Amino acid sequence: MELRHLRYFVAVAEERHFGRAAERLHVVQPTLSMQVRALEKELGGPLFVRTSRRVELTEAGTAFLVEARRALVQAEWAKTTAQRSLRGEIGSVRVGFAGVVVLIGKLGRDLEVFHGRYPQARIELRELVPRAQGEAILSGELDVGYSPGFGAVVHPDLRADRIGTSPLVVAMSDRHRLADRSTVPFRDLGAELLLVYSEGGEDDSTVDDLKAQLGGHPPDCFRHLSSTLSVLAMASAGLGVALVPAQTAHIAIPGLTFRPLEESGIVAELLVLSRREETSGAARALLEIARSATA
């Protein structure tokens, strides 16, 4: 039994006439009659009493009509639900993020757009370092990850799209010797302890680039910290100067000041991580938003 058999049966039951039902269904009458007889054979008895003028339902036909209509409605609902899920209108998306992404504002803007378009879709958030985001996506625990590009090592089974770039600025204590400058030349950082967000540790390519620009700045003059808030806290305490994305300069932290950095071509990158073949409609919808509007 297929859905078309139910549609044919319901049309005949409602029209009480095979000819009119065939016109309604846009099929020829012999085909309709054959399909209804095949249905009756499968069920084991007649659904209609046929006369030369009208077609009437048998008792079994009357009972079957109720369930056939219900089945067709449910099938249409199932189709609609699947299509809405594929479009991302319903379902859920599990998002991992590093704290700096919130400070930059990109994550919040993307989620606002997503919720505006798909208000019935659920959003689940988890704060994770970039490496853990990638592992969670590969294991199926997350769908999307928002990650800074500092030292990121992307698994070959993952897709990483750059969704934003930002020049670096210097964050330091407002009592620091460079705090009275309007801008800070990059070369003036050569004697400073540099605080950097870096999950990658000594293998961080961003730190390697910084060392090259500073003429081989000694490794012990870098302090690798695993969160942007840790970097800013250390800087505000006067325990070094931090290099952070320019979008974080709007943050008001007592004792902390930000200054533009001169003579540095290094930028902070923002990545969105995902599976290469994503099947979740909600995840695909959020990824489309993330990729279309850069930070």
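The values are calculated or read from the model by the stated rules, or taken from the named source; none is laboratory data. Given the structure is predicted, the values throughout are model-derived calculations rather than measurements. Neighbour counts run over all protein chains shown; Cβ positions are idealised from the backbone, glycine included.
Only helices (runs of 4 or more DSSP H) whose full extent lies in the stretch 9-120 are considered here, and the ones with at least 2 residues that are surrounded by fewer than 13 Cβ atoms within 10 Å (Cβ to Cβ) are 29-43, 59-86, 106-117. For first residues located in the stretch 267-295 and farther than 17 Å from residue 88 by Cα, partners that are surrounded by fewer than 23 Cβ atoms within 10 Å (Cβ to Cβ) and among the acidic types (Asp, Glu) and lie 6+ apart or on another chain with Cβ distances below 9 Å form the pairs 271/161; 272/161; 273/161; 276/157. Residue 18 meets each of the listed conditions (1) in contact with a Ser or Thr (Cβ under 8 Å, 6 or more places away or on another chain); (2) among the aromatic types (Phe, Trp, Tyr); (3) at pLDDT below 90 apart from (3). Scanning the stretch 157-187 for residues that are at pLDDT 90 or above and not in a strand (DSSP E or B) returns 157, 174, 175, 176, 177, 178, 179, 180, 181, 182, 183. Selection over the stretch 97-155 of residues that are touching a helix residue (DSSP H, G or I) at 6+ places or on another chain (Cβ under 6 Å) and without any contact (Cβ under 8 Å) to a residue 24 or more places away in the chain gives a count of 1. A count restricted to the stretch 236-247 and to residues that are closer than 30 Å to residue 93 by Cβ and either among the small types (Gly, Ala, Ser) or in a loop (DSSP other than H, G, I, E, B) (or both) stands at 1.
Of the residues that sit in the stretch 156-199 and are under 22 Å from residue 128 (Cα atoms) and exposed (fewer than 13 other Cβ atoms within 10 Å of the Cβ), which one is farthest from the chain's Cα centre (by Cα)? Talk me through it step by step, then tell me what you get.
Going through the stretch 156-199, the residues under 22 Å from residue 128 (Cα atoms) turn out to be 156-166, 195-199.
Next, only the ones that are exposed (fewer than 13 other Cβ atoms within 10 Å of the Cβ) stay: 156-157.
On the way: 156: 19, 157: 17 Å.
Top of the filtered list is 156.
Quick one: count up the residues across the stretch 248-261 that are of a type in the set (Val, Ile, Thr), in contact (Cβ under 8 Å) with a residue 60 or more places away in the chain and in a loop (DSSP other than H, G, I, E, B). Qualifying residue count for the region: 1. Candidates are the residues of the stretch 131-155 that are under 19 Å from residue 244 (Cα atoms) and at pLDDT 90 or above; the one that is nearest to the chain's Cα centre (by Cα) is 146.
Every residue in the stretch 262-288 that is β-branched (Val, Ile, Thr), assigned to a strand (DSSP E or B) and surrounded by fewer than 24 Cβ atoms within 10 Å (Cβ to Cβ), please. Result: 267, single match. For the stretch 201-220, the criterion of being of a type outside the set (Ser, Thr, Tyr), touching a strand residue (DSSP E or B) at 6+ places or on another chain (Cβ under 8 Å) and at pLDDT 80 or above is satisfied by no residue at all.
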